[in-house]
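Reading through the structure tokens given below for one structure.
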Amino acid sequence: MNGISRREFVWRSVAGTAGLWLAGNRWVHSGERSGAVAPVRPTDEDGYMLWLRYAPPAKQAVREYQRRIKRVCVAGGSPTCRVISEEIATALKSLLGDAVPVSNDGFDAGTLLIGTPATSAQVRENVPAEDLDRLGPEGYIIRSVKLKGGGGIIIASSTDIGALYGCFHFLRLLQTGQPIAALEIKERPRLKLRLMNHWDNLDGSVERGYAGRSLWRWAELPDKLGQRYVDYARACASLGLNGAVIHNVNANPRILTAEYLRKVAALANVWRPYGVRMYLTANFAAPVRIGGLPTADPLDQRVKDWWRAKADEIYSLIPDFGGFLVKADSEGQPGPKTYGRSHAEGANLLAEALAPHGGVVMWRAFVYDHDVDPDRVKRAYIEFTRLDGQFRANVVIQIKNGPLDFQPREPFHPLFGALKHTPVMAEIQPTQEYLGQAKHLVYLGPMWEEFLQSDTYAKGQGSTVAKVLMGEVHPYQLTGMAGVVNPGADANWCGHHFSQANWYAFGRLAWNPELGAAQLAEEWTRMTFTNDPEAVRTICRMMMTSYETFVSYTMPLGLHHLIGGDHYAPMPWNDRAPREDWTATYYHRASEDGIGFDRTRRGSGAVDQYHPPLCDIFDDINRCPEKFLLWFHRCAWDHRMKSGRTLWEELCAKYDEGVRQARELQKTWETLKGKIDARRHREVAERLAIQVADAAKWRDQILEYFARFSKRPVPKPVP
Ligand code: GCV
């Protein structure tokens, strides 16, 4: 933060809210400006503060908050309580314009009390412990209470971490200008594991990272621990994220050496008060690569002993270590298959080592060995359904949202709902590897909502992916969601200011996968940019249309993998790669007869990995949703679409529409000039210019390429 303190930064930088001006050391509403206080133009922001800028909402709301919050009592003296005190003091000073006293006792009218039954008699009196117990250790209650001479507000939980989550919820209400007169909020996370997944390497590079170098400065650790590590944990905790896997799934085994574990432990110590637990990726060959054993065979006693000793060593340094995430037998990573063992035998080896300490193994389902099936998208399902029930209780299978690989649009992975006896968690990807990286404005909330609300029919209608994840379809003891995330060393963390919204939405969905994308967009916009109603509406509209826009100009109608190595630019002609299933032609199969991958019963049969009636719907060209048409069907170029157009005409129209919508995003953003600070406005505008140019490239190159097969003219694009 360029050498200034966080608190100072809040004062200096949070000036972009429409109608608010930073005058000297104080926020003033534009109506209040007088000759006595010279107005100051909104100060530029660099985006570092994320959604924790604590800019005051509308004047009326601020007045109400000032009336109702005269002092704060944070009961308890734990490191987490200290974090709560500091956060609330910083936030209230910024939101309300004046410092609000924070102490650790007292509860009279005008007090905001934060505590647990163990730390506060007033919490015990006003919030029955059974109510808190029902919400679990991370749940909380926010309640208005009547007191002599006025009202008070209690944020209560059975743990300090739950109280911290409640505190961030309360601050969200203030930041977004919500009424706080009669609060009765009960919240609990619907998923247990809510984890950031970083694909960061030990050399500081980030696989599929688009926001600068890694956040973890390995050369400086464990001695130097900067403020940024704290701010990372604040951001995670503000969303309810409770852990981070800090190392790439393409794992360097050195992360498990004593030298690196000391560095990892130092980070874990910083994050502990925020409830962010440390997890690591495990290279399956570590016993050979760093342990000096001749084998990594999971059934070999020496290998078992090595992992057990390694787990003991880790827990001696990090007592609350969460566990391992493993990519095995995938894209060249070592795994149990080398030794003729199954994924279950591999996962159980690590699970046994962690079990005495309460750790978990997240075993990735991202596997696609050729010999399993000729169709790549069928392979993981085949491998893992065979093993259902063979995993130890502390193993959870981590599954990407779709069966291929984070494509702009995929149907949900058929493993969701298919594993009755093995818990599953979802892996989604805020880092936008295939979705414009940090150059395109693409809010992924609607994509994830579509995924989470997909009905698997695993136990009849209503068995949505969200319900599967929450353990409501099959009774899983372990539940979770992971996000392959986007923060890096860039000043604004995520490269594109709007990419922050994807970190935000992921975190909130991990807390509750049934939240709506529109609600999350609005929360984020109000906290990150402005509370001005018109600007909020405009920004939210842009965000909510941006996903469909991106799909339209890149891979509409179920097309997928039309890219090359960088996963950014169009490359439909890509027919050469070390593996056939890394090309584009393997997927689109365009010829003079038509286009698309036949996954019906007459083709690869992938449709039958879905429960009825979905398998029949996907199999039927007339009932298959058109957004998945070319994923499941091979269609003639003249195939008649619901619009009455031929497939070719529809494809051309979709691409063109995408380009038009991208231009619309750009135009709309222009109307916001002056409504938010100039720096962020300019930086977004610069990227939108790239996006518009790229959208046209996608359209032109894809259509020009496919026209060679369709032998039909490409209609003149709308200028
Ligand atoms: C970490 C895709 C990405 C790889 C990534 C892999 C995975 O193939 O392009 O960079 O590797 O997924 O999820 O393991």
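Things worth noting here:
- Residue list for the stretch 551-565, restricted to those being part of a loop (DSSP other than H, G, I, E, B) and at pLDDT 95 or above: Met555, Pro556, Leu557, Gly558, Leu559, His560, His561, Leu562
- Residue within the stretch 313-328 that is at pLDDT 95 or above, of a type outside the set (Asp, Glu), within 30 Å of Asp581 (Cα to Cα) and more than 16 Å from the ligand (Cβ to nearest atom) present: no
Condition check ((1) charged (D, E, K, R); (2) within 30 Å of Tyr553 (Cβ to Cβ); (3) without any contact (Cβ under 8 Å) to a residue 40 or more places away in the chain; (4) surrounded by 21 or more Cβ atoms within 10 Å (Cβ to Cβ)) across all residues:
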{"site": "Gly323", "(1), (2), (3), (4)": "no, no, no, yes"}
{"site": "Pro374", "(1), (2), (3), (4)": "no, no, no, no"}
{"site": "Arg392", "(1), (2), (3), (4)": "yes, no, no, no"}
{"site": "Gln407", "(1), (2), (3), (4)": "no, yes, no, yes"}
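- The single condition from (1) under 22 Å from Pro356 (Cβ atoms); (2) in a helix (DSSP H, G or I); (3) of a type in the set (D, E, K, R) that Asp320 fails is (2).
- In the stretch 370-414, the qualifying residues are those that are part of a helix (DSSP H, G or I) and within 16 Å of the ligand (Cβ to nearest atom), and the one that is modelled with the lowest pLDDT is His370.
- Sole exception among (1) within 16 Å of the ligand (Cβ to nearest atom); (2) more than 29 Å from Thr479 (Cβ to Cβ); (3) more than 20 Å from the chain's Cα centre (by Cα) for Ala182, by number: (1)
- The condition of being assigned to a helix (DSSP H, G or I), among the small types (Gly, Ala, Ser) and closer than 18 Å to Pro253 by Cα holds for only one of Ala328, Ala351, that being Ala351.
- Of all the criteria given as (1) more than 16 Å from the ligand (Cβ to nearest atom); (2) surrounded by fewer than 23 Cβ atoms within 10 Å (Cβ to Cβ); (3) modelled with pLDDT of 95 or more, the one not satisfied by Cys236 is (2).
- Any hit, the stretch 638-646, residues being within 29 Å of Ala695 (Cβ to Cβ), among the β-branched types (Val, Ile, Thr) and assigned to a helix (DSSP H, G or I): no
- Within the stretch 276-303, the set of residues being of a type in the set (D, E, K, R) and either closer than 16 Å to Val360 by Cα or in a loop (DSSP other than H, G, I, E, B) (or both) comprises Arg277, Asp297, Asp300.
- Some residue of the stretch 601-624 being within 19 Å of Leu647 (Cα to Cα), of a type outside the set (A, V, I, L, M), in contact (Cβ under 8 Å) with a residue 24 or more places away in the chain and in a loop (DSSP other than H, G, I, E, B): no
- Qualifying residue in the stretch 567-584 (condition: in contact with a Lys or Arg (Cβ under 8 Å, 6 or more places away or on another chain), more than 29 Å from Gly47 (Cα to Cα) and not in a loop (DSSP other than H, G, I, E, B)): yes
- Enumerated strands (runs of 3 or more DSSP E) restricted to the stretch 149-231, each holding at least 1 residues that are touching a strand residue (DSSP E or B) at 6+ places or on another chain (Cβ under 8 Å), crowded, with 23+ Cβ neighbours inside 10 Å and polar (S, T, N, Q): 193-197
- Filter result for Gly358 (modelled with pLDDT of 95 or more and buried (at least 23 other Cβ atoms within 10 Å of the Cβ)): no
- Residue match in the stretch 358-367 (condition: more than 16 Å from the ligand (Cβ to nearest atom) and either on the phi > 0 side of the Ramachandran plot or in contact with a Ser or Thr (Cβ under 6 Å, 6 or more places away or on another chain) (or both)): yes
- The condition (being polar (S, T, N, Q), more than 30 Å from Ser157 (Cβ to Cβ) and within 16 Å of the ligand (Cβ to nearest atom)) is satisfied by just one residue among Thr281, Thr295, Thr257, Thr338: Thr281.
- Yes/no for Val367 being in a loop (DSSP other than H, G, I, E, B) and among the aliphatic types (A, V, I, L, M): yes
- Looking at Ile154, Ile142, Ile114, just one residue is of a type in the set (A, V, I, L, M) and either modelled with pLDDT under 95 or out of contact with any Lys or Arg (no Cβ under 9 Å at 6 or more places or on another chain) (or both), and that residue is Ile114.
- Filter result for Ala577 (within 16 Å of the ligand (Cβ to nearest atom), closer than 30 Å to Asn622 by Cβ, of a type in the set (Gly, Ala, Ser) and without any contact (Cβ under 8 Å) to a residue 40 or more places away in the chain): no
- Check on Ile246, in contact (Cβ under 8 Å) with a residue 40 or more places away in the chain, surrounded by 17 or more Cβ atoms within 10 Å (Cβ to Cβ), away from the ligand (no atom under 16 Å from the Cβ) and of a type in the set (Val, Ile, Thr): no
- Filter result (surrounded by fewer than 16 Cβ atoms within 10 Å (Cβ to Cβ) and hydrophobic (A, V, I, L, M, F, W, C)) within the stretch 586-635: Ile621
- Taking each residue of the stretch 497-524 that is farther than 17 Å from Glu427 by Cα and touching a residue at least 60 places away in the same chain (Cβ under 8 Å) and looking for partners that are of a type in the set (Lys, Arg) and assigned to a helix (DSSP H, G or I) with beta-carbon atoms closer than 8 Å, six or more apart or interchain, yields His497/Arg680; Leu520/Arg508; Glu523/Arg172; Glu523/Arg508.
- Index of the failed condition, Leu509 passing every other in (1) under 25 Å from Glu686 (Cα atoms); (2) out of contact with any His (no Cβ under 9 Å at 6 or more places or on another chain); (3) not aromatic (Phe, Trp, Tyr): (1)
- Hey, Glu187 within 16 Å of the ligand (Cβ to nearest atom) and at pLDDT 95 or above or not: no
The values are calculated or read from the model by the stated rules, or taken from the named source; none is laboratory data. Bear in mind the structure is a predicted one, so any value in this text is a computation, not a measurement. We place every Cβ from the backbone using ideal geometry, glycine too, and count neighbours over all the protein chains shown.
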